[in-house]
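Only one structure is covered here, and it is reproduced in the block below.
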Amino acid sequence: MNRETIGEVGLIARRSVRRTFRQPALIVPVILFPLLLLAINASGLDVTKNIPNFPADSYLDFALVVTFMQGGLFAATTAGTELANDIETGFLNRLQLTPLKAPAILVGQLAGALAVAFIASVVYLAIGLIAGAHIAAGVGGALALIGLAMLVALAFGGLGAIIGARTGSAEAVQGMFPLLFVFFFLSSMNLPRDLIAQQWFRTIATWNPVSYLVEGLRSLVITGWDGTALWRFMVAAGAISVIGFVGASVSLRTRMERT
């Protein structure tokens, strides 16, 4: 990728960021909705900490990372919706007049979703600390938490971009939101896997890569620097990112060839 191409990708990225921040409807729910659920769960499920072998002293510490995961889920919707809008308005057709390839276009398009995810992650962390959460891994762990949350947003953003590129419909992208939420709830998001009583639920949670994303983030909050949880996180995040990026690039390339 030469300097000119990098500059063009940068222009697409800046456009993506500006356009996203000009739409409060894409930002406000990303911040408020996860924090609202955190407040409800932390107060209503706090007695869960009394379960034998529960890994945290408060349910707030245990549930804090769920907000980062939900932020990643919103990143998928944002990335896919913005890409679909560019297809519907013909902006993608104009990009075909440039030497940019599909992967480079995709990198620029994801910038807006990642920018929102970064700001939301900082807010989640700040509100959590104000509410009394404790980060076992310390200041470095808090910074790592934001970094890993960005990887989650990148991974799910790629999945959203696949739907956006294949359908060219913002409505279709938004329709995948409930499906992704199902994967969230069928994970170790609300309880550790070893405390899930139902065997079928525990089996699904064990095979669900979302569980390893949640557990990697959660380890920084309630355990510290847990090498096993973190490498599992990296494998799961890396696999989803590769699938999302490759799938979205192929879908985008196919659409560009058709038009």
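Things worth noting here:
- Label-point separation, LEU11 to ARG94 (7 Å along Cα→Cβ), nm: 1.0
- Solvent exposure of the chain, expressed per residue, is 46 Å² of accessible area, with all protein chains present and a 1.4 angstrom probe.
- Burial ranking of peptide ranges 72-80, 19-27 (average Cβ count within 10 Å, highest at the top): 72-80, 19-27
- In the chain, taking the dipole from charged Cβ atoms about the Cα centre, the farthest positive-side position among THR89, GLY157, THR206 is held by THR89.
- Span-like helix ranges in the chain, DSSP H, alpha carbon extent 15 angstrom or more, Kyte mean at least 1.0: 28-44, 111-131, 138-167, 209-222
- Portion, in percent, of the accessible area of the stretch 3-255 that falls on carbon or sulfur, probe 1.4 Å: 69
- Sequence of THR228, THR81 from largest to smallest accessible area, 1.4 Å probe: THR228, THR81
- Normalised by 2.2 N^0.38 Å, where N is the number of residues, the C-alpha radius of gyration of the chain stands at 1.04.
- Projected label distance in nm at LEU37 and VAL139, using a 7 Å step from Cα toward the beta-carbon: 3.2
- Maximal additional length on extending the PHE185-ALA197 stretch stands at 2.8 nm, based on 0.36 nm per residue less the C-alpha distance.
- Solvent-accessible surface of protein heavy atoms, probed at 1.4 angstrom with all chains present, puts ILE146, ILE243 in the order ILE243, ILE146, largest first.
- A 1.4 Å probe over all protein chains sorts ILE12, ILE31 by accessible area into ILE31, ILE12, starting with the largest.
- Relative contact order of the stretch 3-255: 27 percent, from C-alpha pairs under 8 Å at least 6 residues apart in sequence.
The values are calculated or read from the model by the stated rules, or taken from the named source; none is laboratory data. The shown structure was predicted, so the numbers you read here are calculated from the model rather than taken from an experiment. Cβ sites come from the backbone with ideal geometry, for glycine too, and all protein chains shown count toward neighbours. Areas reflect the complete protein model, heavy atoms only, side chains present, ligands, DNA and RNA absent. Shrake-Rupley method; radii C 1.70, N 1.55, O 1.52, S 1.80 Å.
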